[in-house]
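Visitor: Below is a structure I'd like to ask you about.
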Amino acid sequence: MNDNNTIILGVIPARGGSKGIKGKNLIPVFGKPLIAYAIECGKKCPSIDRLIVSTDSPEIAEISSKYGAEIPFIRPAELANDTAPMLPVLQHAIIKCEKYYSKVVEAVILLDPTGPLRTVEDIENSLEILRQKECNAIISGNTAHRNPYFNMVTLNKGYVVLANPSGKMIGRRQDAPKVFDLNTVVWVYSRKALMEEKARIPKRTILYMIPPERAIDIDNEFDLKLLEFQLQQNILYKK
């Protein structure tokens with residue numbers, strides 16, 4: 001458990017620009033903006049002390065605040081362009097929040113709006129693993145549909161070669177080494193991983209498995225339609 005001088009920080013990154021879907025973070029999905037799903041899930045987590053949205057957009061900041069997220073700063077433009085990686089965005093959030101709240105950030109829980117089918121249990125379980133295991137990060141993933149040792153290829157001088165040759169003949173996908181797709185459902189970092197090791201995937205990182213039906217990652221219009229279908233099925237199932 002964190003003490004009175006530390007906090008568990010939930011960070012929802014949401015810049016104003018988006019290539020795949022224009023205005024993606026605020027696009028309506030079943031009557032509320034996409035970002036609201038991340039905020040509502042984070043607000044229900046007992047372990048998150050502060051839930052913030054890191055954004056460069058005044059509109060996103062205003063709407064996020066209405067749904068209950070805190071906006072302790074506006075993200076600078078250089079951390080909100082198409083080429084800005086996530087690592088410095090999280091480092092910036094730690095620096096700003098430690099000053100704003102006068103607390104040390106013990107761990108950061110990254111809740112990307114593009115993974116809206118996460119659950120409170122996903123977040124709480126991941127944080128518990130970070131606390132109990134010898135690791136610096138937990139990242140979520142799911143079994144991959146394609147395998148670089150079997151049916152993923154690159155081109156070498158115009159010819160097809162396996163993306164990751166194993167050195168031995170693999171005749172069936174089931175015989176290839178297991179690989180996993182990373183998704184944006186929940187990533188948890190210790191402060192040390194972000195501020196000292198400074199790695200997107202630290203050396204001691206544990207994979208948290210997400211079932212395929214909840215591993216959706218919103219990147220384009222087709223993903224959005226899949227999300228709407230999944231949410232509709234959830235509603236029908238609950239009835």
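Visitor: All but one of (1) touching a strand residue (DSSP E or B) at 6+ places or on another chain (Cβ under 6 Å); (2) of a type in the set (Val, Ile, Thr); (3) over 22 Å from Ile216 (Cβ atoms) hold for Ile74, so report the exception by its number.
Guide: The single condition Ile74 does not satisfy is (1).
Visitor: For Leu87, indicate whether it is in contact (Cβ under 8 Å) with a residue 60 or more places away in the chain, under 18 Å from Met195 (Cα atoms) and buried (at least 19 other Cβ atoms within 10 Å of the Cβ).
Guide: So Leu87 fails the test.
Visitor: Just to be sure before I move on: is Lys178 more than 16 Å from the chain's Cα centre (by Cα), modelled with pLDDT under 95, in a loop (DSSP other than H, G, I, E, B) and loosely packed, with under 13 Cβ neighbours inside 10 Å in the structure I sent?
Guide: Here the answer is yes, as Lys178 does meet what is asked.
Visitor: State yes or no: is Arg191 in contact with a strand residue (DSSP E or B) (Cβ under 7 Å, 6 or more places away or on another chain), in the same structural domain as Ile48 (by TED's automatic domain parsing) and of a type in the set (Lys, Arg)?
Guide: In short, yes.
Visitor: Would you tally the residues in region 21-53 being small (Gly, Ala, Ser) and either in a loop (DSSP other than H, G, I, E, B) or surrounded by fewer than 15 Cβ atoms within 10 Å (Cβ to Cβ) (or both)?
Guide: Here the count works out to 3.
Visitor: Filter the strands (runs of 3 or more DSSP E) completely within region 62-164 down to those with at least 1 residues that are out of contact with any helix residue (DSSP H, G or I) (no Cβ under 8 Å at 6 or more places or on another chain) and of a type in the set (Val, Ile, Thr).
Guide: Hits in region 62-164: 137-143, 153-156, 159-162.
Visitor: Which one of the conditions (1) within 24 Å of Val29 (Cβ to Cβ); (2) of a type in the set (Gly, Ala, Ser); (3) in contact with an Asp or Glu (Cβ under 9 Å, 6 or more places away or on another chain) does Ala69 fail to meet, given that it meets all the rest?
Guide: Here Ala69 meets the rest and fails (3).
Visitor: A further question on this structure: Just one of Ile201, Ile170, Ile206 is farther than 30 Å from Val105 by Cα and either assigned to a loop (DSSP other than H, G, I, E, B) or of a type in the set (A, V, I, L, M) (or both); which is it?
Guide: Exactly one residue qualifies, and that residue is Ile170.
Visitor: Tell me whether region 2-13 contains one or more residues that are of a type outside the set (D, E, K, R), farther than 22 Å from Arg214 by Cβ and free of Cβ contacts under 8 Å to residues at least 60 places away in the same chain.
Guide: yes
Visitor: Taking region 96-136, which residues are surrounded by fewer than 21 Cβ atoms within 10 Å (Cβ to Cβ), in contact (Cβ under 8 Å) with a residue 24 or more places away in the chain and polar (S, T, N, Q)?
Guide: Thr119, Asn125
Visitor: I would also like to ask the following. Keeping to region 25-43, report how many residues are closer than 21 Å to Asp82 by Cα and under 15 Å from the mean Cα position of the chain (by Cα).
Guide: 3
The values are calculated or read from the model by the stated rules, or taken from the named source; none is laboratory data. It should be emphasised that the depicted structure is a prediction, and the values quoted were computed from it without experimental measurement. For neighbour counting, all protein chains shown are included, and Cβ atoms are generated from backbone atoms with ideal geometry for every residue, glycine included.
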